[in-house]
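The values are calculated or read from the model by the stated rules, or taken from the named source; none is laboratory data. Please read these numbers as outputs of a predicted model, since none were measured by experiment. Quick reminder, even Gly has a Cβ in these numbers, built from the backbone with ideal geometry, and neighbours come from all protein chains shown. In case anyone asks, the SASA skips ligands and DNA or RNA and just uses the protein heavy atoms, side chains included. Shrake-Rupley method; radii C 1.70, N 1.55, O 1.52, S 1.80 Å.
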Amino acid sequence: MAFALVLLLVLGWMVWRPQSRDAPARAGDRQPGAKGQGPGENPGTVVAGENPIEHVVFIIKENRTFNNYFATYGHGAVGSTTGKTLSCSTSSHSCSPGPDYDLTKAQDIAPHDITHGFSSGLYSIDGGKMDGFNIIGLGSDMTGYTYFDRDALPNYWTYADRFVLADHFFTSMYGPTFPEHLYTVAAQGYGIVDNKSTTDHPGSYCDDPTEYVPHFPMDKLSEAQLNSIMKTEDHMTEDYPNQLFKISAYWEQTRTCVPIRSLPDQLQKAGIDWKYYANKDQWMNALQAIRHDRNTPEIWSKVQDPENFISDVNAGKLPEVSWLIPPEPYNEHPGDSDPTSSSYSPISVCAGENWTVNQINAVMDSDAWASTAIVVVWDDFGGFYDPVKPPHYDVMGLGPRTPALIISPYTRAGDNPDGGSVDHTTYEFSSVLKFMEDLHGLKPLTERDAQADPLSGAFDFSQPPRLDPLVLPLRRDCPYGTDPSDLGG
């Protein structure tokens with residue numbers, strides 16, 4: 001009984017959840033003329049000072065796997081409508097393969113959130129077997145075994161038809177939201193393995209001194225310890241669930257105000273125009289959790305409401321580098337669909353797709369379109385099934401695949417319905433940072449972005465750009481979010 005209680009407490013604490021082994025590299029000043037992979041080696045190579053891309057927009061949404069959104073897209077994209085399962089016993093400390101499970105059609109408004117923390121990502125991946133998605137949430141939740149089709153996501157699929165759908169773009173870590181978003185600006189998560197636990201105080205992250213999270217103290221862990229953690233992560237369902245306790249023994253508590261460098265730091269230092277469009281005190285506002293960025297006025301002034309993005313585009317002021325984090329109603333995070341609940345807060349995928357389309361339409365309607373690259377990803381796996389094994393780079397991940405759309409006049413042509421292509425290159429969030437760094441001749445921040453592929457399979461700069469915009473209509477069948485005035489436009 002005592003063991004079961006401890007297990008429930010640990011698994012419950014892990015509902016949201018890890019920095020990588022990547023020791024931060026010393027990030028230097030801008031290096032004019034620095035090359036990416038070298039000119040002429042790949043038509044998608046980014047070369048600083050010799051590239052037509054003048055604007056990069058990094059849109060980061062919430063909690064979906066590639067398979068959840070594009071399982072049946074086809075055209076070479078890897079997906080499945082059948083999922084593997086596990087059967088595990090805490091009494092025998094063992095797991096065995098369960099029956100295959102037929103995925104069902106996803107609902108626009110999910111019944112509820114699904115556990116998607118660090119441990120959940122590890123159990124789901126199960127050392128690469130990709131069969132443990134049913135044992136997260138104490139083994140009672142199958143709502144992650146779902147998928148959308150073209151009828152449910154017509155505009156996202158239309159972008160895939162025309163531009164690039166990357167089907168091997170992985171989340172940077174096993175989950176959850178907070179540290180994943182750190183990777184999108186810093187190519188590391190400071191070893192953090194959970195979301196903040198304090199939500200009853202004003203402010204957030206660096207503005208709330210009561211907030212602590214568990215993390216791997218990377219500067220204290222030896223190579224042997226890191227290797228031991230890696231080995232344990234590869235065998236999570238052996239001696240079930242004791243492997244989790246072996247890993248968590250390495251964690252220490254740390255403030256949610258971390259002393260790491262970010263790409264915005266480097267952009268600011270190099271005189272490159274940038275903005276981070278995100279609401280303050282939102283779970284996803286990573287720069288609010290980076291000590292230097294939050295406490296440096298000239299940097300924090302670049303952290304602005306996402307509603308300002310379209311205003312800046314329309315005014316001809318699209319920054320050279322933008323992060324765009326949607327407001328809560330439009331981030332596509334699985335939400336509560338019970339209208340009788342006192343905390344009813346439905347999050348519609350349809351409305352979220354409309355919001356994304358509205359932002360992209362603004363860019364395509366502007367003069368900036370001819371020189372822009374847009375990357376749309378989702379921040380973690382959200383508990384949803386995915387069949388593709390991620391690489392195991394370090395103790396933090398990689399995690400399951402995210403949907404990834406790469407949109408630009410310079411994306412690589414292929415045999416998708418409107419001339420787009422499916423890109424099988426392995427990417428993670430650090431790949432987008434590497435693309436930005438190579439574009440502007442900046443040194444990498446960590447081992448992660450140093451080794452990352454800079455989206456080289458998504459572009460072809462040797463061919464004339466396809467400049468005709470793809471301005472899409474907003475859907476009118478959403479539960480809400482069909483009025484452009486509600487979507488920041």
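See the values below:
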item: Residue, least open to solvent (accessible area, probe 1.4 Å), within the range 194-247, restricted to residues that are over 27 Å from P390 (Cα atoms) and of a type in the set (V, I, T); result: T198
item: Any hit, the range 383-392, residues being at pLDDT 95 or above, among the aromatic types (F, W, Y) and touching a Lys or Arg at 6+ places or on another chain (Cβ under 8 Å); result: yes
item: All helices (runs of 4 or more DSSP H) inside the range 100-219 with 1 or more residues being closer than 26 Å to L244 by Cβ; result: 118-125, 177-186
item: Every residue from the range 280-339 that is β-branched (V, I, T), crowded, with 18+ Cβ neighbours inside 10 Å and closer than 19 Å to A186 by Cα; result: I290, I299, V303, V321, I325
item: Cross-chain or 6+ apart pairs with Cβ under 6 Å, the range 197-226 first and of a type in the set (D, E, K, R), then part of a loop (DSSP other than H, G, I, E, B) and surrounded by 13 or more Cβ atoms within 10 Å (Cβ to Cβ); result: E211/K196; E211/T198; E211/T256
item: Elements of type helices (runs of 4 or more DSSP H) in the range 260-309, at least 2 residues being closer than 22 Å to E54 by Cα; result: 263-270
item: Condition met for V349 (among the hydrophobic types (A, V, I, L, M, F, W, C) and under 29 Å from F118 (Cβ atoms)); result: yes
item: All positions within the range 426-450 that are of a type outside the set (A, V, I, L, M, F, W, C), open to solvent by less than 10 Å² (accessible area, probe 1.4 Å) and closer than 19 Å to D167 by Cβ; result: Y427, E428, S430, S431
item: Within the range 371-441, strands (runs of 3 or more DSSP E) holding 2 or more residues that are hydrophobic (A, V, I, L, M, F, W, C) and under 28 Å from F216 (Cβ atoms); result: 372-378
item: Residue count, the range 75-116 (criterion: touching a Gly at 6+ places or on another chain (Cβ under 6 Å) and of a type outside the set (A, V, I, L, M)); result: 5
item: Selected residue (only one of G128, G175 is surrounded by fewer than 24 Cβ atoms within 10 Å (Cβ to Cβ), within 15 Å of L398 (Cβ to Cβ) and either touching a helix residue (DSSP H, G or I) at 6+ places or on another chain (Cβ under 9 Å) or modelled with pLDDT of 95 or more (or both)); result: G128
item: Sole residue being under 30 Å from T104 (Cα atoms), open to solvent by 30 Å² or more (accessible area, probe 1.4 Å) and either aromatic (F, W, Y) or in contact with a Ser or Thr (Cβ under 8 Å, 6 or more places away or on another chain) (or both), chosen from D415, D453; result: D415
item: Some residue of the range 60-81 being in a strand (DSSP E or B) and at pLDDT 95 or above; result: yes
item: The range 347-371, residues that are open to solvent by less than 10 Å² (accessible area, probe 1.4 Å) and among the charged types (D, E, K, R); result: E353
